[in-house]
Each structure stands twice: as C-alpha cells, then as structure tokens.
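Asks: For reference, the structure I am asking about is given below.
The values are calculated or read from the model by the stated rules, or taken from the named source; none is laboratory data. Treat the numbers as computed from the prediction; the structure is a model and nothing was measured. Note: ideal-geometry Cβ built from the backbone for every residue, glycine included; neighbour counts use all protein chains shown. The accessibility values were calculated without ligands, DNA or RNA, using every heavy atom of the protein model including side chains. Shrake-Rupley method; radii C 1.70, N 1.55, O 1.52, S 1.80 Å.
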Amino acid sequence: MTLTIPFDNSYARLPDTFYSRQAPEPVRAPHLIAFNEDLARILGISVGDVKEMAEAFAGNSVPDGAEPLAQLYSGHQFGHYNPQLGDGRAVLLGETVGTDGIRRDIQLKGSGRTPYSRQGDGRAWLGPVLREYVVSEAMHALGIPTTRALAAVETGEVVLREGPMPGAVLTRVAQSHLRVGTFQVFAARGQLDSLRRLTEYAIARHYPKAEGPMGLLRAVRDAQASLIAQWMSVGFIHGVMNTDNCSIAGETIDYGPCAFMDRYHPNTVYSSIDRMGRYAYSSQPEIAVWNVAQLATALIQQIEDKEAAVEEATEIVHAMPALLQENWMMRFRAKIGLATEDEGDLDLLSDLLTRMAQNQADFTNTFRALGSDKARDQFTDPTAFDDWAEGWRVRLQREETPQRVMKAANPAFIPRNHRVEQMIQAAVKGDYEPFHRLGSVLATPYLDQPENADLTRPPTESEVVHATFCGT
Ligand code: AMP
Ligand code: MG
C-alpha cells in the first residue's frame, strides 16, 4: 500500500507573484492521530500505511505530484488594513479533482515557517488542530459549506504558547483558499495584471457562469449571504471575520476562536482577541456586507470605466442586506416548522428570540425541543414560552409537516465549546477517546442519539468557556 494523491495543481501554474514556493519543514517524530477516510475517498486518494501517512501529513515527505507553496494575501484585520499577510504557517500541497468532479486544495496547516511568517513560528499546537478538525467536520455534517479536515498529526515537538504545548499539523481541504484578501493584495499594490488573472481564475474555478468582475462579486455576495444565514441558524460565531478569513468559494474557513452558542444572546462574543465585540453573533451579517464591500473595492480597480463600475458595485453590495434577510427568514422559518410564508413570520421569530434571550434559553436545545412539550423547560420563566407558543400554534395550523421541517432544521448535537475544551485537555494527556467520540456523534447531528444525550447538555457554571483563543 502506497499513499497516492492524484494531484493536478492549477494554482502552481499561476504566475509566481501569487505565492512563494515553500516546502513544509520536517518534524521530529510524526504520529498520525486522525485520518478522514470518507473524505480521502472523495478526493481520489489511495491510502498508504500509517507510517507513510504520518510522514506525508506532517510534511516530512512530500507526496509525488505535490508542488508545495505558500499563498500570498492581505486583508483587513478588525477593520484595519494589513498590506501583507499570506500563509504564515501553512503550505498548499496541491489540488485534486475529486470523484464528484470538484477541485479541492489540500493544505498542511502548522507546517513551519514561510516567507509570510513574520514573527510567528509557523507552527500550530494540538488544541487548535483538534478544534478545527472536530468543528469543521461537524459543520460539514450540519450541511453548512466549510473547509474540511483530512488528517491530524502530532509532531513530537514542543510549541511555545502560554506554555509548552504539543505541536500538531492539520491537513485542511477547501474548494480553494482564495480569500477577499487575495484580491485586496493585488488591488492595493496596483498589480492589475495579477488582479485580472486572479479574477479569471476564481470565475473559472468557482463560478463559471459569472461574467466579469461584477459577475464574480454578485456570486460571492450570494454565497456569503447564504453562508452567514446558515451560521446564524445553528448559533455559530466565527470569531474572526477578517477579510483574509472570508472565502471566495463561500465556505466557512479559518476556524480560530470560534464557537457555537449555548444560551442565546445576540451580543455573544467568545474570541479573546475581539475586545470590542466587532464579530459578535448578531453582527455577523453586517460584517459580511462590509467584507463583500472590500471585495468590490478591490475588483473595481481592474475596470476601465470606474464611474460605471462603482455604480454597479454599489448596487450589488447594497442589495446584500435584503438577501441576508431573505436567507435568514428561510432558515429560521424552518426552525419553527414553517414551510410556507406569512407576513407575520418575522414578528413571530423576533418575539421568540427576545424571549429566549430574556430567559437564558439554550439556543440549540430550545429549537430542538419545539417539536415536543419540553421547550418551555428551557426558559427561566416557562410562561414566557407559553405566551409565545399560543400564536405559534395558530400559525402552525396552516402547515402540513411542521415536525419534519423542524427536525431537519434543528440539530440535536453541536460541538459545544465546553466539550471541545474537555476533548482538547484529554488529548493533551494522550487520551483521544473524547476526540473520537465527539467526531462520531457529530457526524449525524440531526439524529436523536439517546445514548449520547450527555453531549446535548449545556455547560454547568463551572464548565462555561468564556473565551476561546486564536490558533496561533
Ligand atoms: P489567522 O488569524 O489564523 O487567520 O492568521 C492571520 C495571519 O497570521 C495569517 O497570515 C497567518 O498565516 C499568520 N499566522 C498565524 N499564526 C502564525 C504562526 N504561528 N506563525 C506564523 N504565522 C502565523
Ligand atoms: Mg486567516
């Protein structure tokens, strides 16, 4: 058995202004801790023996056909433009066209220093690697567009963070790693040939029907509007919605200090670095519009007739809030069992959410319980639910299969932050049982799994995780 990856590397065929060729830095003692066989099959990978896989996914041996490189990009971080970012701790090995015909990147994250590392060590520690593995695969199982996890390897090396931590490398798979920031870097530098080339590349790879830069802008806007509404519908908070973490393909990318909400409150923030609450749960739609506006600004640079381009781009961006609202309504209607539309639905939903916030209701469990008589127990004052439910039940009379609609829209299982933290703490001590258990339960999040009911329980006061930290 030999590991074989059918690489076909379109990015490496682009001009060298787009990246720096960079091999991963070998590590001392690679040990394979997880490998996603289902995903490997889709990618067309033939699996090798464990030792060979550990070497390859740690970066100690570069598989045949790979052309490792670090991608250049820039971006707005917390609203401030940083003229150069780039893969500082990641290398793209290459791409495969999967059995489903989709082209995907295979990237090592935590694979050592690159020309874009600046002060960083180019490494990752086990915690963020396992967090991204579990949360991105859970996101996929929830049916939400996301990068995926192919493998995780312990490096046998120590990484210095708050203290010495075990080092690890994640193999990440994405429809591409093109970001809003990939466009921004060429626009800001006035490298218009590269900007044009990138625009053509992105259209060909992701939106072949889109026409020109404004067609691309429209397509990315639509993909982001759909994505953010889906995050909102499962209580997900990305945590660092910088423009370099905003995917052109519309996937959830760069899982750092992200988390799913337990108790519902619109202002919830988890990220320890988000001191102003810029990326709070309820701010995400607004920030997505801001990010798409930055893409518009970058794309316009390549168009001759600036006045017409600004007008068209403005119109495209200005239409995004209404699109977000439409997507949000579609997702949240389903959460309360509605397949049809009615004028009063927005008020009905807003009223429920207000009552949930006032009564410290658990986001996931409240919606999941709507189909039973247990929902009221989620409220500190259950009559707050009863009052709302009266109007809701009247509305439901016009629905045919509300139970089915709700079950498909309301997961029983999400990767709760305290469970993710417990899983990481166990893994650091060498116990991977919680990691494997979380992975297997979260693979079917819409199924009741009575034997795993403990994983639906919100955190106790002492288990609550108040802040999550960056993957750095
Ligand atoms: P992120 O917050 O993970 O999206 O990363 C922001 C930027 O910092 C990117 O350019 C990363 O490549 C870079 N970066 C993050 N962590 C490290 C690290 N440990 N070493 C080098 N660069 C890093
Ligand atoms: Mg990033």
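Asks: If S282 meets every condition in (1) outside any helix (DSSP H, G or I); (2) open to solvent by 30 Å² or more (accessible area, probe 1.4 Å); (3) not aromatic (F, W, Y) apart from one, which number is that one?
Replies: (1)
Asks: If you don't mind, there's one more thing I want to ask. Report, ordered by the first and then the second residue, all pairs with beta carbons closer than 9 Å, sequence separation of six or more or different chains, a first member in the range 313-339 that is in contact (Cβ under 8 Å) with a residue 60 or more places away in the chain, and a second member that is charged (D, E, K, R) and open to solvent by less than 10 Å² (accessible area, probe 1.4 Å).
Replies: F332/D345; I336/D345; L338/D345
Asks: Another one. Report whether or not T147 is open to solvent by less than 10 Å² (accessible area, probe 1.4 Å), away from ligand 2 (no atom under 16 Å from the Cβ), among the β-branched types (V, I, T) and at negative phi.
Replies: No, not satisfied.
Asks: Additional query: List the helices (runs of 4 or more DSSP H) inside the range 359-472, counting only whole elements, that have at least 2 residues being free of Cβ contacts under 8 Å to residues at least 40 places away in the same chain and either open to solvent by less than 50 Å² (accessible area, probe 1.4 Å) or in contact with a strand residue (DSSP E or B) (Cβ under 6 Å, 6 or more places away or on another chain) (or both).
Replies: In the range 359-472, the matching helices (runs of 4 or more DSSP H) lie at 382-396, 417-428, 433-442.
Asks: Restricting to the range 224-249, and then to whatever is under 13 Å from V289 (Cα atoms) and assigned to a loop (DSSP other than H, G, I, E, B), can you tell me which residue is nearest to ligand 2 (Cβ to nearest atom)?
Replies: Residue satisfying both the conditions and the ranking: N242.
Asks: Mind listing just one residue for me: the one in the range 335-358 that is hydrophobic (A, V, I, L, M, F, W, C) and farther than 22 Å from H265 by Cβ and, of those, most open to solvent (accessible area, probe 1.4 Å)?
Replies: Within the range 335-358, the match that is most open to solvent (accessible area, probe 1.4 Å) is A339.
Asks: Among the residues of the range 247-265 satisfying the criterion of being over 23 Å from V464 (Cβ atoms) and open to solvent by 10 Å² or more (accessible area, probe 1.4 Å), which is nearest to ligand 1 (Cβ to nearest atom)?
Replies: Once the filter is applied, the top-ranked residue is D254.
Asks: Within the range 291-303, is there a residue that is without any contact (Cβ under 8 Å) to a residue 24 or more places away in the chain and not assigned by TED's automatic domain parsing to the domain that holds N365?
Replies: no
Asks: Only one of (1) under 30 Å from G430 (Cβ atoms); (2) assigned to a loop (DSSP other than H, G, I, E, B) is not met by N9, so which one is it?
Replies: (1)
Asks: Being in contact with a helix residue (DSSP H, G or I) (Cβ under 6 Å, 6 or more places away or on another chain) and either open to solvent by 50 Å² or more (accessible area, probe 1.4 Å) or on the phi > 0 side of the Ramachandran plot (or both) is the filter here, so list the residues in the range 1-30 that pass it.
Replies: T17 - this is the single residue of the range 1-30 that is in contact with a helix residue (DSSP H, G or I) (Cβ under 6 Å, 6 or more places away or on another chain) and either open to solvent by 50 Å² or more (accessible area, probe 1.4 Å) or on the phi > 0 side of the Ramachandran plot (or both).
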